[in-house]
Amino acid sequence: SIHRLLSDWPFGGKIEMDFLRAAALKMKEAAWIDMDTIGQQIFQEAIRQNLRGDDVWLYSNIGLAYLHAEDPRAAGKRADLAIDYLSTAALERPDEPDLWAVLGAGELMLGKLDSAIRHLSLAIQLNSANPSTHANLGFALLRAGRFKEAEERYRTALRMDPFQTEARKGLDLLRNAQ
């Protein structure tokens with residue numbers, strides 16, 4: 001079992017959080033999640049053993065790594081793991097807008113539009129000053145067929161940052177969709 005494997009671990013069953021944080025950042029940077037099943041289980045158990053409120057970014061980084069490792073629609077299990085990690089991070093720190101924004105963006109990537117709209121909207125309620133979050137909400141609304149609301153989000157993003165290319169792309173898509 002995983003607990004037996006961890007008890008044989010050189011650190012007495014505990015994997016050092018500094019190592020995990022560094023590994024998660026490296027995984028995120030390289031978009032690398034190609035560990036064997038045992039390796040994934042050890043990594044996940046180590047995180048569960050050590051999660052504290054200040055470690056939510058570890059969960060978020062692992063979730064992002066899973067999302068970017070490959071096309072998440074073709075890798076259902078990895079996509080589910082990504083959302084699990086991102087949800088855990090957001091629920092651990094419900095007042096952190098960036099965590100909700102990342103979760104919503106991940107859900108948008110996976111086509112989970114209702115939850116993406118809900119979580120991106122929550123991120124904006126917590127901090128309305130992020131143009132990327134407005135643009136992502138615009139894409140979710142566009143895909144949901146809510147064109148007028150999507151246009152409002154794109155325009156808000158562009159008022160905040162006139163060089164916000166994703167919002168410009170969204171307005172172009174919106175023009176073509178109508």
Checklist entry - Could you count how many residues in region 160-178 are open to solvent by 80 Å² or more (accessible area, probe 1.4 Å) and either among the polar types (S, T, N, Q) or modelled with pLDDT under 90 (or both)? => result 3
Checklist entry - Across region 106-125, what is the number of residues that are surrounded by fewer than 20 Cβ atoms within 10 Å (Cβ to Cβ) and either of a type in the set (K, R) or under 20 Å from R93 (Cβ atoms) (or both)? => result 6
Checklist entry - Before we move on, is D80 at pLDDT below 90 and of a type in the set (D, E)? => result yes
Item to check | Near pairs, Cβ below 8 angstrom, 6+ apart or cross-chain, from region 79-106 (touching a residue at least 60 places away in the same chain (Cβ under 8 Å)) to any residue that is open to solvent by 20 Å² or more (accessible area, probe 1.4 Å) and part of a helix (DSSP H, G or I) | outcome: none
Item to check | Unique residue being part of a helix (DSSP H, G or I), open to solvent by less than 50 Å² (accessible area, probe 1.4 Å) and over 20 Å from D80 (Cβ atoms) when the list is L103, L141 | outcome: L141
Checklist entry - Conditions: (1) outside any helix (DSSP H, G or I); (2) under 15 Å from L64 (Cβ atoms). L108 meets all but one. Number of the miss? => result (1)
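The values are calculated or read from the model by the stated rules, or taken from the named source; none is laboratory data. Everything numeric in this text was worked out from a predicted model, so none of it was measured. Note that we place each Cβ from the backbone using ideal geometry, even for glycine, and neighbour counts take in every protein chain shown. For accessibility, only protein heavy atoms count, side chains too; no ligands or nucleic acids. Shrake-Rupley method; radii C 1.70, N 1.55, O 1.52, S 1.80 Å.
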